[in-house]
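One structure is given below, encoded as structure tokens.
We did not get these values from a lab; they are worked out from the coordinates using the rules stated. All values reported here derive from a predicted model rather than from experimental measurement. Using ideal geometry, Cβ is built from the backbone for each residue, glycine included, and neighbour counts are taken over all protein chains shown.
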Amino acid sequence: MVLGDQLDTYIIDLRGDDEFSGIEGIASLAEKMVKIKKNLIFPLVYMFIKLSLLYQLQLLQRREFFLLCILSRVDYGIG
């Protein structure tokens, strides 16, 4: 099954499941999937969610790096 098909099925399943009514973000979605073992039923969707979480983390780390570079230039009077 390809990701698109699995995602369509997952969305239908998700809408009919009250377990997912209190989800606040993508991290809590991933946690809930593991808790009720939907990650085993929809492995491609779960992998996609994990990759998006890693991407967000990478963006945050880059922002922090560039902020540190800017701050270090200010501290040392460069630029």
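Some observations on this one:
- Mean Cα-pair separation over length for the chain, i.e. relative contact order, pairs under 8 Å, 6 or more apart, %: 28 percent
- In the chain, the longest principal axis of the Cα atoms and the axis of helix 43-75 are about 10 degrees apart.
- Computed label-point distance, nm, for sites L40 and I26 using a 7 Å Cα→Cβ extension: 2.6 nm
- Loop-resident GluC sites (Glu not before Pro) (DSSP state other than H, G, I, E or B) in the chain with no more than 10 further Cβ atoms inside 10 Å of their Cβ: E24.
- Per-pair calculated FRET efficiency, R0 = 22 Å: L71 and F48 via Cβ, rounded to 0.05: 0.05
- Contour minus Cα-Cα distance for R62 and D18 (0.36 nm per residue): 12.1 nm
- Built from the Cα atoms of the chain, the convex hull projects on average onto 7.2 nm², one quarter of its surface area.
- Shown in residue order for the stretch 18-28 are the 3J(HN,Hα) couplings computed by the Karplus curve 6.51 cos²θ - 1.76 cosθ + 1.60 at θ = phi - 60°: 5, 4, 9, 6, x, 5, 9, x, 5, 5, 5 Hz (x for Gly and Pro).
- In degrees, nearest ten, helix 3-15 long axis to first principal axis of the chain (Cα): 70 degrees
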